[in-house]
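Worksheet for the structure shown next.
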Amino acid sequence: METKINAQQVRDREAVISLTQKLVRIPSVYRPGVEDGNEEKAAHYVADYLKAMGIEVFIEEVEPGRPNVIGIIDSGKPGKTLLLEGHTDVVTEGDHNSWKYEPFGAEIVGDRMYGRGTNDTKGNLACMITAASSILQDKEPFNGKIILCIPCDEEGMMIGIKHFIKNGWAEDVDGAIICEPEENQVCISQRGAMRLELITYGKMAHGAISWSGINPNLRMAKVIVELEKLERKEQERLGKHPTLGWPSITPTILKSPVKGEAQINVIPDQCMTTLDIRTVPGQDHEELKQEIRNIFSRLSEEDADFKADFTVIENRPWTETDREEAIVKSVAQAVKQVTKEDPIYNGVPGATDGTFLHIAGIPIVTIGAGDRDIPHQINEYVDVNELAVTTQIYRQACLHFLNDKGEK
């Protein structure tokens, strides 16, 4: 029995390393207007790979050149449905010359594989596919169904997972494993993300005759000061979350004028900032939006010329999954079984595609290979031994969940 397990692990290790290299070597950065600047080639490679495994595959075009791939592994027996999710897109590699190793070379040096997507998250996509392949190759008995969800655009507005849900694929899912780089920690919470574009309005005038205009920059400065107070109030009210840290309200882009050229002796007519608001359990996004409206109201009472509004660009709520959920127990048991250590529970500092699965009512756990601080960096890498461990965790988690063997 021991020889069989070791042989299976060696086989899976070789398979996951090879598949990761092949996926990383297919650039899938979304670059509008650039030929092959999308996920299409990576998605079709994955689709062909899944078909070769003998499973049912669906390809759905979300936007031209940006397909979702869905693989269905049906046991033919009644039971639960488990979803494994990993995206095909990666962020830009930035300046090629800043990389020590070719960004799409997937070169292995020592125990590390380098390249864009090795960590976030083509390595984990390869792990979930290899885990499913391993179950099929070994004819492991299980009940119910496994869905491999491989969407586009996780790094953008997450149009892939939204399309997946809209088309009904998530309706009967009982639990989901989100395959992202989390050092194989069992992440059961995620910070929410609300992105706003906020504009203050003024009146264009000569800088030397400032009284003839209305300066939107001064009004924006007051707004930003009030937002800092709101952030502090929320932090004092909620404290530091044990896995997600502090809630935050961060002005990022600041632009004035919003349109046209800036000139040092011209008061612009508008000033714009974007807000990256990160939320934790206990915060309500609608209440936060009302707090910002209240800031506008207070400032307009003090200043008859004050005028501002905001637009919500994206709204992703925080998520939290109870440790008693079957998917959490199954993943935790798999971690303990594979690593021989107690699982470490943690949270995801940002949003993932799992955010929208959570909104759809699906319990989610985020776990995968890769240093949590490495995504999107120059010289991104993943430890190949960790890929092998993650593959076994996914494999065992699937079997525990579908056969009801989660830790009680």
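The values are calculated or read from the model by the stated rules, or taken from the named source; none is laboratory data. All figures in this text were calculated on a predicted structure; none of them were measured in a lab. Virtual Cβ from ideal backbone geometry, glycine too; neighbours counted across all protein chains shown. These accessible areas exclude ligands, DNA and RNA; they are computed on the full protein's heavy atoms, side chains included. Shrake-Rupley method; radii C 1.70, N 1.55, O 1.52, S 1.80 Å.
Structure notes:
- Size descriptor, Kirkwood hydrodynamic radius, that averages inverse alpha-carbon separations across region 1-119, Å: 16.5
- Per atom type, region 208-329 shows carbon and sulfur on 50% of its accessible surface, probed at 1.4 Å.
- Alpha-carbon centroid distance for the pair region 156-178 / region 4-52, whole angstrom: 21
- Separation between Cα centres of region 300-364 and region 227-244, rounded to whole Å: 17
- Of the DSSP H helices in the chain, those that are both long (alpha-carbon extent of 24 Å or more along the helix axis) and hydrophobic (Kyte-Doolittle mean at least -0.5) are 2-24, 384-402.
- Under the combined filter of DSSP loop state and at most 10 neighbouring Cβ atoms within 10 Å, region 299-370 retains these GluC sites (Glu not before Pro): Glu324, Glu341.
- Lys, Arg +1 and Asp, Glu -1 on Cβ, resulting dipole of region 85-175 about Cα centre, debye, nearest 20: 120
- Convex hull per residue volume in Å³, alpha carbons only, for region 268-376: 151
- Taking GluC sites (Glu not before Pro) across region 1-75, the ones in a DSSP loop with at most 13 further Cβ atoms lying within 10 angstrom of their Cβ are Glu35.
- Projecting the Cα atoms of Val258, Val328, Val312 onto the dipole axis of region 250-371, where Lys and Arg carry +1 and Asp and Glu carry -1 at the beta carbon, places Val328 farthest toward the positive end.
- Only beta bridges with both residues in the chain are counted; by DSSP, about 75 percent of them are antiparallel.
- Of Phe104, Gln137, Gly79, farthest towards positive along the dipole that unit charges on Lys, Arg, Asp, Glu beta carbons give the chain: Gly79
- Value of Rg to Rh for the chain, rounded to two decimals, is 1.04; Kirkwood radius and Rg both from alpha-carbon coordinates.
- Cβ-defined net charge surrounding Ile277, 11 Å radius [Lys, Arg +1; Asp, Glu -1]: 0
- Annotation: peptides 75-82, 45-52, 365-372, ranked by per-residue average of other Cβ atoms within 10 Å with the highest first, follow the order 365-372, 45-52, 75-82.
- The residues of region 58-206 have, on average, 34 Å² of accessible surface per residue, using a 1.4 Å probe with all protein chains present.
- A simple packing score, the average count of other Cβ atoms within 10 Å per residue, orders the peptides 331-339, 99-107, 160-168, 145-153 as 145-153, 331-339, 160-168, 99-107, with the highest score first.
- Restricting the GluC sites (Glu not before Pro) of region 190-270 to loop positions (DSSP other than H, G, I, E, B) with no more than 10 neighbouring Cβ atoms within 10 Å leaves Glu261.
- Around Ile72: net Lys/Arg minus Asp/Glu count, Cβ-Cβ under 10 Å: -1
- Think of each Lys and Arg Cβ as +1 and each Asp and Glu Cβ as -1; about the Cα centre, that makes the dipole of the chain roughly 260 debye.
- Per-residue ellipticity at 222 nm from helix content only, as computed over the chain with -39500 (n - 2.57) for each DSSP H run of at least four residues, stands at -11500 deg cm²/dmol.
- Counted by Cβ distance under 13 Å from Leu83, the other residues give a net charge of -3, where Lys and Arg count +1 and Asp and Glu count -1.
- Out-of-range pairs (alpha-carbon distance over 22 Å; input Lys51/Lys329; Lys51/Lys166; Lys203/Lys255): Lys51/Lys329; Lys51/Lys166
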